[in-house]
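Reviewing the structure listed below.
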Amino acid sequence: MPKHKERYQNRTEILQGTLDMLILQTLQWAPRHGYALSKAIRTNSGEILKVDTGSLYPALHRLERKGWIASEWKSSDVGPRLRVYRLTQGGRRQLMTERSRWERLTAAIAGILDPAEKENVR
Amino acid sequence: MKWAFWRREQRNEELQEEIQAHLLLAERGAKESGLTEKQARHAARREFGNVGVTEEVTRDTWGWRWLFDFLQDLCYALRSFGQRPGFVAVALLTLALGIGATTVMFSLVNGVLLKPLPYPDPNRLVAVNGHTDGWNTKVNGEQKLAYLDFLDCQRESHSLDMAALVYNSGTLSAPELPQYVDYYEISSELFSVAHVPLALGRAFSAEEDRIGAAPVAILGYSFWQHRFDGRSDVLGSSIVLEQKQYTVVGVAPEGFRLSGDEPEVYTLVGQDPAGYLHNRAAQPVHVVGRLRPGTTVVQAQAEVALAGSRLAQAYADTNKGRSLQVRPLRPDVGDTGSTLWLLLGAVTLVLLIGCVNVASLLLARAVSRERELAMRVALGASQGRLVRQCLTESGLLGLAGGLLGVMLASVGLEPFLKFWPGELPRAAEVQVDWRVLLFAVGVSVLSGLLFGLAPAWRAPVREVEQILRAGARTMAGSSRRLHSAFVISEIALAIVLLIAAGMLGRTLLHASTLDPGLDIRNLLVLRVGLSPTTLADPARIPAGWQDVIDRARRVPGVESVTAVDIVPMREGNNQIGYSTSADIPQKEKLPMVLASSATPDYLKVMSIPLLEGRFFDDHDRLGSELVIIVDDVLAKSAFGGNEALGKSLWIPDMPCVQLTDAFVDCSAPYKIIGVVGHVRYWGLASDDQAQVRAQLYYPFAQVAPPFLRRWSQLMSIAVRTSVPPLSVVAPLRQELRGAASDQVLYQVRTMEQLAHNSLELQRFLLLLFGIFAALALVLACIGIYGVLAYLTGQRIPEVGLRMALGASPAEVMWLVLRQSLGLILLGVGIGTAVALATGRVLERLVEGMLPISLSTFAITIPFLVLAAMLASLLPARRASQVDPMHALRQE
């Protein structure tokens, strides 16, 4: 069925907003290559979030194009050289915006899901 | 570009490396958790997912995807063209011819009609025209101004810089041999108003623009080149024009002309004491103006209109009812516009047929590629991508065809211009310029889209499985319908062109059977510039013409000679109103008649039949009774069926008897002394539909002296010969030079040439429409053949089955022919309806067209149907020869 690609794109779309933030957040502490990045996200989320590599690489290239992350090739002990991504200044700013937006969003959703708690907060 | 490719290639390699490293690391991780090498590799791959898709989606984020897709499509298109050189050659040839012809026609439309005047800021140039109620612009052109009115307007205007221009012609007698030349009498501002610098010397100054100033002249550029070899020492030398000596002070800019041909000489209108320039009743002055900075056309219009109404009040006897108008100045191209648009329309039809043909070829290909396309959809290609690819192919085809077409056009433009009947106005400005190129590119892309749309539309997106399973043999109904639509529209377009050609052919055929009203064989028409000495003294002019006639008669081979101011086939034109009673109603409402003055031998020279009464003779002269001769058309229209002989007409505009210099209305009656046959003055084909057909003749001997000089500029000499007429030209030229050797012949033509020329436009159009129609017919037949061959090919299994079940070859043939006949007849039906409408357009745009007739349809339609059926015969025969066993096994 030709729907295959469509379905694939839908999934990236759902993830896209948060994936970008997760990548930026994970790169905040240290530069990483793609595999390490996906592993870090998985580990840090307690094995709950599994990053789809089909979305990871497009996301990395897109973020690099926007200038939020930068990459360089580093030789490694394992054999092939690795492309290592690091956060830029612009990326840091972007992370702040995305985080605050995310917090607003989660707070809002929490308020809807649990009105009582919202009262308490007030 | 190359860099972009290299960069992309590099990034691609890097991406692959990155992904490979990822896989390697994942594999290593899996191995560490205890899997075998093989298991670890599979696990890593599984977790990663589709490497190809990941790469593609990543590449999308790099941007410029459309460009690389496009380049890929382009390569693909080129490769697929390479596999089908025959198809590409046919398609390119069709398009190149179609686009080439369209481009040539558009170059003409562009150069003649669309380009602005070749002066700086052309849209600030205006013309000032006069207007009186009842003035027929179609017949007489725009009404011009009286010189005195121009001077008043010019003095009062704050919004316009104005200049005057009067056409004139006369004998240039020195230096060298006398020559008859056209000259513009201009006011000193003309060149500065046009904003063009002179090629040499200086322009006229305002102080020189008055009677009594030293006579100065400016030479036309071409004349200067031919006559003076472009020498600059011509400045300060003198020329003699109409017996007046002028000092040359300048040379006009190259190609400078306002309408008509480039004049040979410019003089100052203010230096000319001629009576008609100092009388407000005559309006010989063209007025051009340039808007002063900061003023608008509307302001100028208001101002000039006001000046006009002031003049109408102040000089009521001459200017009553006349208003003045400001119009944007446009090049004067006569009625060429309609012909050009007509031809552009016709070539567009041919191009359309070509496009339809290419479209049907492409579609046939697209249908046979359906499986391939379906396979690509199954592998993940989107519909947009397939459509884009189809359009890339057709766009490429269109542009390549367009490129060839432009090349054809730039080669063919020159010969085509030479081929144009008569003088094409502004021919020098017809070039392949950016406008034309833009047009060609636009047309190419548009036709590319036009014929690419159908195949692109067919790009399969639904029922992919069905197509893949069914194999190539079955065929969707929509494709068959589309193919049928192609055949129908081709036939319809071809019908339109065929009918147009048929109408033109019928018109010409009819015209060649018409009697011109005179004997056109052995008849020579020429003009003579009378000796300037004679012209200077009106009293000597009649004798001067008599001398010319006598001298011409002495030439061996000449039978008879006459002088006349209007020659049949539209040489000269004088239309005036007449009344059958002395109580003349409003002048503007009078019926019009074509009035011609002639010497007594006119009837004999022209061989026009005398129906009643007599023609005038030597006794009809100034002072004797005013007489006229009418033709049978006037006799009938003025007096119904009654006797015209002996009756009188009142012709207020006839300037014949008043021995005064003023143009005052003539109140005397003119007695009809004879009725003669009608002459097809407007040309063989056009005369029947002309607005003013009635004709009358009056004796040249009764033209009053003040008008003789003006009349002499208009007179022609007609010579009836007993030998081939052109053989007497040389002795005539010698003999007519006159006693002082200062008379020149010009515009020498035979009446046969003139009659031939009167049908030139129709003949030219017939030829072109004939070519277009033939082209359309051939294209349509190729199209029908192609489509039927294709459709029949698709039906071979069905045919095989029918034959296996007992159908005879004849029945199978009939099956195919019936299908094609249905399409053809539908096309004929639609085409006929469209042709009826376009026939009307043709009648309106081309003079002398006979209305569309049943016989035109009766000849052209069977012809087309026959040709189309012949084209479908071959596929039909092929179908009937199908071997049923073979065909069924194919399935």
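The values are calculated or read from the model by the stated rules, or taken from the named source; none is laboratory data. All of these numbers come straight from a predicted model, not from anything done at the bench. Note that each Cβ is placed from the backbone with ideal geometry, even for glycine, and that neighbours are counted across all protein chains shown. Heavy atoms of the whole protein, side chains included, go into the accessibility calculation; ligands, DNA and RNA do not. Shrake-Rupley method; radii C 1.70, N 1.55, O 1.52, S 1.80 Å.
Among the residues of the range B:477-491, is any of a type in the set (D, E) and surrounded by fewer than 20 Cβ atoms within 10 Å (Cβ to Cβ)? Can you show your working first?
Step one: list which residues in the range B:477-491 are of a type in the set (D, E), which gives B:490.
Now restrict to residues that are surrounded by fewer than 20 Cβ atoms within 10 Å (Cβ to Cβ): none.
Checking the range B:477-491: not a single residue is of a type in the set (D, E) and surrounded by fewer than 20 Cβ atoms within 10 Å (Cβ to Cβ).
Any idea which residue in the range B:350-379 is most open to solvent (accessible area, probe 1.4 Å), counting only those that are within 14 Å of another protein chain (Cβ to nearest Cβ) and touching a residue at least 40 places away in the same chain (Cβ under 8 Å)? Give the steps one after another, and end with the answer.
Just the residues of the range B:350-379 that are within 14 Å of another protein chain (Cβ to nearest Cβ), to begin with: B:373-379.
Next, from what is left, pick out any that are touching a residue at least 40 places away in the same chain (Cβ under 8 Å): B:373-375, B:377-378.
On the way: B:L373: 9, B:A374: 0, B:M375: 99, B:V377: 5, B:A378: 46 Å².
This residue is B:M375.
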For this session: Kindly indicate whether any position in the range B:571-590 is buried (at least 20 other Cβ atoms within 10 Å of the Cβ) and closer than 21 Å to B:S727 by Cα.
Result: no
Problem set entry | Subset of the range B:529-541 [modelled with pLDDT under 90, buried (at least 20 other Cβ atoms within 10 Å of the Cβ) and in contact with a helix residue (DSSP H, G or I) (Cβ under 9 Å, 6 or more places away or on another chain)] | B:G529, B:L530, B:S531, B:T534, B:L535
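From the residues in the range B:82-92 that are touching a residue at least 12 places away in the same chain (Cβ under 8 Å) and not charged (D, E, K, R), which one is surrounded by the fewest Cβ atoms within 10 Å (Cβ to Cβ)? Full working, then the answer.
Applying the first criterion (touching a residue at least 12 places away in the same chain (Cβ under 8 Å)) to the range B:82-92 yields B:84, B:87-88, B:90-92.
So of that shortlist, the ones also not charged (D, E, K, R) come out as B:87-88, B:90-92.
On the way: B:F87: 18, B:V88: 18, B:V90: 16, B:A91: 24, B:L92: 19.
Checked the range B:82-92; the qualifying residue surrounded by the fewest Cβ atoms within 10 Å (Cβ to Cβ) is B:V90.
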Exercise. Which pairs do you get when a residue that is basic (K, R), found in the range B:417-430, comes within reach of a residue that is not in a helix (DSSP H, G or I), reach meaning Cβ atoms under 7 angstrom, with the pair 6+ apart or on two chains?
Worked result: B:R426/B:P331; B:R426/B:V333
Seminar exercise, completed: Across the range B:671-694, the tally of residues that are open to solvent by less than 30 Å² (accessible area, probe 1.4 Å) and closer than 17 Å to B:L626 by Cα stands at 4
Exercise. Within the range B:59-68, is there a residue that is touching a helix residue (DSSP H, G or I) at 6+ places or on another chain (Cβ under 6 Å), within 10 Å of chain A (Cβ to nearest Cβ) and crowded, with 16+ Cβ neighbours inside 10 Å?
Worked result: yes
Exercise. Here are B:A364, B:A359, B:A400: which of them is under 20 Å from B:G86 (Cα atoms) and within 29 Å of the chain's Cα centre (by Cα)?
Worked result: B:A400
Problem set entry | Candidates A:W73, A:W29, filtered to the one that is of a type in the set (F, W, Y), more than 13 Å from chain B (Cβ to nearest Cβ) and open to solvent by 40 Å² or more (accessible area, probe 1.4 Å) | A:W29
For this session: Could you tell me which numbered condition A:T53 fails, if it satisfies all but one of (1) buried (at least 21 other Cβ atoms within 10 Å of the Cβ); (2) more than 10 Å from chain B (Cβ to nearest Cβ); (3) β-branched (V, I, T)?
Result: (2)
Seminar exercise, completed: Scanning the range B:258-282 for residues that are closer than 30 Å to B:N319 by Cβ, in a loop (DSSP other than H, G, I, E, B) and open to solvent by 40 Å² or more (accessible area, probe 1.4 Å) gives B:G260, B:P273
For this session: Check whether at least one residue in the range B:95-114 is surrounded by fewer than 17 Cβ atoms within 10 Å (Cβ to Cβ) and without any contact (Cβ under 8 Å) to a residue 12 or more places away in the chain, and report yes or no.
Result: no
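For the range B:682-768, list the helices (runs of 4 or more DSSP H) that sit wholly inside it and hold at least 3 residues that are within 18 Å of B:H510 (Cα to Cα); which are they? Let's see the steps before the verdict.
Numbers: elements: B:705-714, B:729-735, B:751-758.
The helices (runs of 4 or more DSSP H) meeting that bar are B:751-758.
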Problem set entry | Residue check for B:R802: surrounded by fewer than 16 Cβ atoms within 10 Å (Cβ to Cβ) and part of a helix (DSSP H, G or I) | no
Problem set entry | Subset of the range A:75-95 (residues that are at pLDDT below 85 and either out of contact with any Lys or Arg (no Cβ under 6 Å at 6 or more places or on another chain) or part of a helix (DSSP H, G or I) (or both)) | A:S76, A:D77, A:V78, A:G79, A:P80, A:R81
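Report, by residue number, each residue of the range B:522-549 that is part of a helix (DSSP H, G or I) and polar (S, T, N, Q).
Restricting attention to the range B:522-549, the residues satisfying the condition of being part of a helix (DSSP H, G or I) are B:532-536, B:538-549.
Correct list: B:T533, B:T534, B:Q546.
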Exercise. How about the range B:169-186: which of its residues are crowded, with 20+ Cβ neighbours inside 10 Å and within 33 Å of the chain's Cα centre (by Cα)?
Worked result: B:G170, B:V181, B:Y183, B:Y184, B:E185, B:I186
Seminar exercise, completed: Picking from B:S872, B:S855, the residue that is of a type outside the set (D, E, K, R), farther than 22 Å from B:P809 by Cβ, modelled with pLDDT of 80 or more and part of a helix (DSSP H, G or I) would be B:S855
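Taking into account only those residues within the range B:382-407 that are within 14 Å of chain A (Cβ to nearest Cβ) and open to solvent by 30 Å² or more (accessible area, probe 1.4 Å), which is farthest from B:G98 (Cα to Cα)?
Step one: filter the range B:382-407 for residues within 14 Å of chain A (Cβ to nearest Cβ), giving B:382-386.
When the remaining residues are screened for being open to solvent by 30 Å² or more (accessible area, probe 1.4 Å), the result is B:382-385.
On the way: B:S382: 34, B:Q383: 31, B:G384: 30, B:R385: 29 Å.
Filtering the range B:382-407 for residues that are within 14 Å of chain A (Cβ to nearest Cβ) and open to solvent by 30 Å² or more (accessible area, probe 1.4 Å), the one farthest from B:G98 (Cα to Cα) comes out as B:S382.
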Seminar exercise, completed: Per the filter on the range B:16-50, residues in contact (Cβ under 8 Å) with a residue 12 or more places away in the chain, surrounded by fewer than 17 Cβ atoms within 10 Å (Cβ to Cβ) and more than 8 Å from chain A (Cβ to nearest Cβ) are B:Q16, B:R45
Problem set entry | Which numbered condition B:G405 fails, given (1) more than 19 Å from B:G442 (Cα to Cα); (2) in contact (Cβ under 8 Å) with a residue 40 or more places away in the chain | (1)
Seminar exercise, completed: Residue count, the range B:1-15, condition open to solvent by 30 Å² or more (accessible area, probe 1.4 Å) and within 10 Å of another protein chain (Cβ to nearest Cβ), comes to 2
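Going by the structure shown, is A:W68 more than 8 Å from chain B (Cβ to nearest Cβ), at pLDDT below 85 and either touching a strand residue (DSSP E or B) at 6+ places or on another chain (Cβ under 6 Å) or open to solvent by 10 Å² or more (accessible area, probe 1.4 Å) (or both)? Lay out the reasoning, then the answer.
On the way: more than 8 Å from chain B (Cβ to nearest Cβ): yes; at pLDDT below 85: no; either touching a strand residue (DSSP E or B) at 6+ places or on another chain (Cβ under 6 Å) or open to solvent by 10 Å² or more (accessible area, probe 1.4 Å) (or both): yes.
No: the conditions fail for A:W68.
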